[in-house]
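Here is the structure we will look at, set down as structure tokens.
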Amino acid sequence: MRAKQLLMPELAAVLFDLDGTLVDTAPDLGAAANRMRTARGLAALPLETLRPVASQGARGLLRVAFHVQPEDPDFAPLRAEFLEIYAAHICEQSTLFPGMVETLMALSERGMVWGIVTNKPGFLTLPLLNALKLPVAPGAVVSGDTTAYAKPDPLPVTHALAEMGVSAARSLMIGDDPRDMAAGKAAGTRCWAAAWGYLEAGNDPQHWGADQIIQRSEQLEFALLHFDASQ
């Protein structure tokens, strides 16, 4: 039985990265890249090939699918095409990671606020969240274009905390990318690495400077229930 009291008196808010942390969007992101490939007569790539770069959005998926970098002349038109296709299929296969419904409900039961800080542009973030029908509404949603700078800059995190009315010292940032840890640390929050997320080979959460690494999304509620404010 899930505990009704959360043992975290000093923690008031939890911020989640979106892709690869709160929501498994890789199937829809990968499908957009594969639609582009098949339209050009190329074979679709296995999801296992595309999944590790899903947190990097168009930049990572286009690098794997078409071997282009942001500085390449072909990147901008490919990115525009990718975003248009992805937007048209924004939430066909995407779902909350296992255990996230229970985690969000547990936070709500304790009267805590939670928010989203993502580098995903707002025109994709909001339709995705609407389609997911979250069990508890977030106290703040900060997209990649909400503020002048995106993660790893701390501004999106401080913006979310200001919207929720919570201090950084009483907040926790959770994400599956070093940018999440860098943004949270610079803003003054505690930071947990989501090792269940989209990790490329060699991208080891042990090197991100996280306060704690959570291996599986199903373990997150338990970890929060036993949050140690001294760590």
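Evaluate segment 154-171: report whether one residue or more is at pLDDT 95 or above and either touching a His at 6+ places or on another chain (Cβ under 7 Å) or closer than 22 Å to Ala32 by Cβ (or both).
no
Residues of segment 112-155 being of a type outside the set (A, V, I, L, M, F, W, C) and over 25 Å from Ala187 (Cα atoms), which ones?
We begin by selecting, within segment 112-155, every residue of a type outside the set (A, V, I, L, M, F, W, C); these are 115, 118-122, 125, 127, 130, 133, 135, 138-139, 143-147, 149, 151-154.
Matches in segment 112-155: Pro127, Asn130, Lys133, Pro135.
Out of (1) open to solvent by less than 70 Å² (accessible area, probe 1.4 Å); (2) of a type in the set (D, E, K, R); (3) within 18 Å of Glu10 (Cβ to Cβ), the odd one out for Lys185 is which?
(1)
Of all residues in segment 59-82, which are touching a Phe, Trp or Tyr at 6+ places or on another chain (Cβ under 9 Å), open to solvent by 20 Å² or more (accessible area, probe 1.4 Å) and under 15 Å from Pro121 (Cβ atoms)?
Once the filter is applied, which keeps residues that are touching a Phe, Trp or Tyr at 6+ places or on another chain (Cβ under 9 Å), open to solvent by 20 Å² or more (accessible area, probe 1.4 Å) and under 15 Å from Pro121 (Cβ atoms), segment 59-82 yields only Arg59.
Given Ala150, Ala193, which one is assigned to a loop (DSSP other than H, G, I, E, B), aliphatic (A, V, I, L, M) and either under 13 Å from Leu15 (Cα atoms) or under 16 Å from the mean Cα position of the chain (by Cα) (or both)?
Numbers: Ala193 fails: assigned to a loop (DSSP other than H, G, I, E, B).
Sole residue among the options that is assigned to a loop (DSSP other than H, G, I, E, B), aliphatic (A, V, I, L, M) and either under 13 Å from Leu15 (Cα atoms) or under 16 Å from the mean Cα position of the chain (by Cα) (or both): Ala150.
Within segment 169-190, which residues are within 11 Å of the chain's Cα centre (by Cα) and part of a helix (DSSP H, G or I)? Lay out the reasoning, then the answer.
Filtering segment 169-190 down to residues within 11 Å of the chain's Cα centre (by Cα) leaves 173-177, 179-180.
Arg179, Asp180, listed by residue number.
Check whether at least one residue in segment 99-113 is touching a strand residue (DSSP E or B) at 6+ places or on another chain (Cβ under 6 Å), within 15 Å of Gly175 (Cα to Cα) and not hydroxyl-bearing (Ser, Thr, Tyr), and report yes or no.
If we filter segment 99-113 for residues that are touching a strand residue (DSSP E or B) at 6+ places or on another chain (Cβ under 6 Å), which is where we start, we get 107, 113.
Filter once more, so that each one left must be within 15 Å of Gly175 (Cα to Cα): none.
Within segment 99-113 (the criterion being touching a strand residue (DSSP E or B) at 6+ places or on another chain (Cβ under 6 Å), within 15 Å of Gly175 (Cα to Cα) and not hydroxyl-bearing (Ser, Thr, Tyr)), the answer is no, since none of the residues qualifies.
Out of the residues in segment 121-137 meeting the condition of being open to solvent by less than 50 Å² (accessible area, probe 1.4 Å) and within 23 Å of Val166 (Cα to Cα), tell me which one is nearest to the chain's Cα centre (by Cα).
Within segment 121-137, the match that is nearest to the chain's Cα centre (by Cα) is Thr125.
Would you please name the residue that is nearest to the chain's Cα centre (by Cα), looking only at residues in segment 61-105 that are part of a helix (DSSP H, G or I) and acidic (Asp, Glu)? Talk me through it step by step, then tell me what you get.
Let us first name the residues in segment 61-105 that are part of a helix (DSSP H, G or I), namely 61-66, 75-88, 100-105.
Next, from what is left, pick out any that are acidic (Asp, Glu): 81, 84, 102.
Numbers: Glu81: 22, Glu84: 20, Glu102: 17 Å.
The qualifying residue nearest to the chain's Cα centre (by Cα) is Glu102.
Filter segment 196-231 for residues that are open to solvent by less than 40 Å² (accessible area, probe 1.4 Å), hydroxyl-bearing (Ser, Thr, Tyr) and either closer than 23 Å to Thr158 by Cα or in a helix (DSSP H, G or I) (or both) and give the result.
Taking segment 196-231 first, the residues open to solvent by less than 40 Å² (accessible area, probe 1.4 Å) are 196-198, 205, 208, 210, 214, 217, 220-221, 223-225, 227, 229.
Subsequent filtering for residues that are hydroxyl-bearing (Ser, Thr, Tyr) retains 198, 217.
Passing the criteria: only Ser217.
Only one of Ala187, Ala201, Ala183 is at pLDDT below 95 and touching a Pro at 6+ places or on another chain (Cβ under 8 Å); which?
Values: Ala187 fails: at pLDDT below 95; Ala183 fails: at pLDDT below 95.
Ala201 is the lone residue from the list that is at pLDDT below 95 and touching a Pro at 6+ places or on another chain (Cβ under 8 Å).
Would segment 102-117 turn up any residue that is surrounded by fewer than 15 Cβ atoms within 10 Å (Cβ to Cβ) and in contact with a Leu (Cβ under 6 Å, 6 or more places away or on another chain)?
Checked against the condition, which is being surrounded by fewer than 15 Cβ atoms within 10 Å (Cβ to Cβ) and in contact with a Leu (Cβ under 6 Å, 6 or more places away or on another chain), segment 102-117 yields no hits at all.
Which members of segment 163-181 meet the condition of being open to solvent by 10 Å² or more (accessible area, probe 1.4 Å) and in contact with a Lys or Arg (Cβ under 7 Å, 6 or more places away or on another chain)?
The initial filter retains those residues of segment 163-181 that are open to solvent by 10 Å² or more (accessible area, probe 1.4 Å), namely 163-170, 177-179.
Matches in segment 163-181: Arg179 only.
Say whether the condition of being farther than 17 Å from Leu199 by Cβ, of a type in the set (D, E, K, R), open to solvent by 10 Å² or more (accessible area, probe 1.4 Å) and not in a loop (DSSP other than H, G, I, E, B) is met by at least one residue in segment 19-41.
The answer is yes, given that some residue of segment 19-41 is farther than 17 Å from Leu199 by Cβ, of a type in the set (D, E, K, R), open to solvent by 10 Å² or more (accessible area, probe 1.4 Å) and not in a loop (DSSP other than H, G, I, E, B).
Criterion first (under 27 Å from Pro135 (Cα atoms) and open to solvent by less than 60 Å² (accessible area, probe 1.4 Å)) does Gln56 satisfy it?
On the way: under 27 Å from Pro135 (Cα atoms): yes; open to solvent by less than 60 Å² (accessible area, probe 1.4 Å): yes.
Yes: the conditions hold for Gln56.
In segment 106-140, what residues are in contact with a helix residue (DSSP H, G or I) (Cβ under 8 Å, 6 or more places away or on another chain) and part of a helix (DSSP H, G or I)?
Within segment 106-140, Ala106, Leu107, Phe123, Leu124, Pro127 meet the criteria.
The values are calculated or read from the model by the stated rules, or taken from the named source; none is laboratory data. Everything numeric here is computed off the predicted structure, so don't read it as measured data. As a convention, Cβ positions derive from the backbone with ideal geometry for all residues, glycine included, and neighbour counts pool all protein chains shown. Just the protein is used for accessible areas: all its heavy atoms, side chains included, with ligands, DNA and RNA removed. Shrake-Rupley method; radii C 1.70, N 1.55, O 1.52, S 1.80 Å.
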